[in-house]
Amino acid sequence: RLLQLDSKLVLITNGLLIVGATLMLISIEWNTTLSQMDPVWRPFNALFQALASRTAGFSTVDFQDAHPSTLFMWVGAMLIGGAAGSTTGGIKLATLAVLFLAVIATVRGQEEPQAFGRRITPNLVFRAMTIFALFMATHFLLTLLLAITEDVFNHASFGFVNLMFESMSGLATVGLSTGITPDLSIPGKLILLVAMFIGR
């Protein structure tokens, strides 16, 4: 009861994301990237990766060998990032929570979203929508530019999901990679460099 609404939303959203990402990584990568580890340590590595992949960029699994569904899921995790006021990138946990509550309120026919007996003003909803829309549009543009520089002009076959992963990692200033960064063309590397500045 002593926590502010923002703190409650951040803690709940973070907890759900950690549990969800950990379970997804275990279910998808148990016999692939996690298979190199002792079965006892696989859940702990999945938990660590679920925590680190939204900000720190530390990796205990080789994302080069990860399933495309794992990479796509991690693009979403990097998109979200951490809490406001932290050094993480992404749209932030509270922004995601506000968007989710706004969707729930719309489905229920409510005029304003509410959480824990507190209403969330339309101004906050619009700010959250703006942040999300700008972030997604920027990621779309960066991925498109990478696809053009690498697949069209450089004739490299990195795969679209890998390019999405790299551009989101740069934009969210996470630092994870599928291992293709050193092999990108000079324009591709410059695009990732710009992505990092925009993300900050």
Nearest 10, in degrees from 0 to 90: the angle of helix 5-29 to the longest Cα principal axis of the chain is 40 degrees
For the chain, longest principal axis from Cα atoms; helix 93-108 axis from its Cα atoms; angle between them, nearest 10 degrees, is 60 degrees
Treating only Lys and Arg (+1) and Asp and Glu (-1) as charged, each at its beta carbon, one finds that the chain has a dipole about its Cα centre, in Debye to the nearest 20, of 900 debye
So what's the back-of-envelope 222 nm ellipticity for the chain, counting only DSSP H runs of four-plus at -39500 (n - 2.57) apiece and dividing by all residues, rounded to 500?
-19500 deg cm²/dmol
Expected max-MSF residue from Leu176, Leu11, Leu34 in the GNM of the chain (alpha carbon, under 10 Å) is Leu11
For the chain, which whole-number percentage of the solvent-accessible area (1.4 Å probe, protein heavy atoms only) is attributable to carbon and sulfur atoms?
68 percent
In percent, how large is the relative contact order of the chain, given Cα pairs closer than 8 Å and 6 or more residues apart?
21 percent
Highest-fluctuation residue, Ala137, Ala172, Ala97 considered, GNM on the chain with Cα pairs under 10 Å
Ala137
So, for segment 73-177, what is the accessible surface per residue at a probe of 1.4 Å, expressed in square angstrom?
51 Å²
In order over segment 135-146: 3J(HN,Hα) from phi, Karplus 6.51/-1.76/1.60, θ = phi - 60°, whole Hz, x for each Gly or Pro, gives 5, 5, 5, 5, 4, 4, 5, 5, 5, 4, 5, 5
For segment 41-172, what does the convex hull of the Cα positions come to per residue, in cubic angstrom?
138 Å³
Counting only other residues whose beta carbon sits under 11 Å from that of Lys8, what net charge do I get with K and R as +1, D and E as -1?
+1
To the nearest 10 degrees, the tilt of helix 68-80 (Cα long axis) against the first principal axis of the alpha carbons of the chain is 50 degrees
Mind checking Rg over Rh on segment 1-73, alpha carbons, Kirkwood formula for Rh?
1.06
For Trp74, Trp41, what's the largest-to-smallest order of accessible area, 1.4 Å probe?
Trp41, Trp74
Near the amide H of Val174, under 5 Å away, which other amide H atoms are found, from residues 5 or more places off or on another chain, if H is placed in the peptide plane?
none
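The values are calculated or read from the model by the stated rules, or taken from the named source; none is laboratory data. Since the structure is predicted, the reported quantities are computational estimates derived from the model, not experimental observations. Ideal geometry is used to build each Cβ from the backbone, glycine not excepted, and the neighbour counts take in all protein chains shown. Calculation scope for accessible area: heavy atoms of the full protein, side chains included, ligands and nucleic acids excluded. Shrake-Rupley method; radii C 1.70, N 1.55, O 1.52, S 1.80 Å.
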